[in-house]
Amino acid sequence: MTDTMTEATHGVNLSDDAAAKVRSLLEQEGRDDLRLRVAVQPGGCSGLIYQLHFDERLLDGDAVRDFDGVGVVVDKMSAPYLDGASIDFADTIEQQGFTIDNPNAGGSCACGDSFH
């Protein structure tokens, strides 16, 4: 039986550093059945907030891309807002964590967690 939900793809890119960090987190959890789900939802001071979390489910309309063994899932409602976005991971004195560079964002709040 073919799973047609996984045939769709999306325009989100995951850097090598971000993929390595996701792999490391999954290894710490001892899980190989999880994917990184990237989504947007209403909220934040600018209107939309990013969500990054691990998910074992694939929902109807989800688009999936593989980055060197790391699956990245985007739901059909979030895909237009995230098309062309790049996810990176920084571990420096100035910054630690995942960052999202989104060409679709018209503006963002000072903390960088929400956009419009």
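The values are calculated or read from the model by the stated rules, or taken from the named source; none is laboratory data. The structure displayed is predicted, hence computed values, not measured ones. Virtual Cβ from ideal backbone geometry, glycine too; neighbours counted across all protein chains shown. Calculation scope for accessible area: heavy atoms of the full protein, side chains included, ligands and nucleic acids excluded. Shrake-Rupley method; radii C 1.70, N 1.55, O 1.52, S 1.80 Å.
Annotations
- Nonlocal amide H pairs with residue 11, under 5 Å, H built at 1.01 Å: 84
- Extension gain, residue 86 back to residue 59 (0.36 nm per residue minus Cα-Cα distance, nm): 7.5 nm
- Region 47-95, accessible surface, carbon-and-sulfur percent (1.4 angstrom probe): 51 percent
- Simple label model, 7 Å out from Cα along Cβ direction - residue 52 to residue 13, nm: 1.6 nm
- Full-stretch length increase - residue 76, residue 28 - with 0.36 nm per residue and alpha-carbon distance subtracted: 14.3 nm
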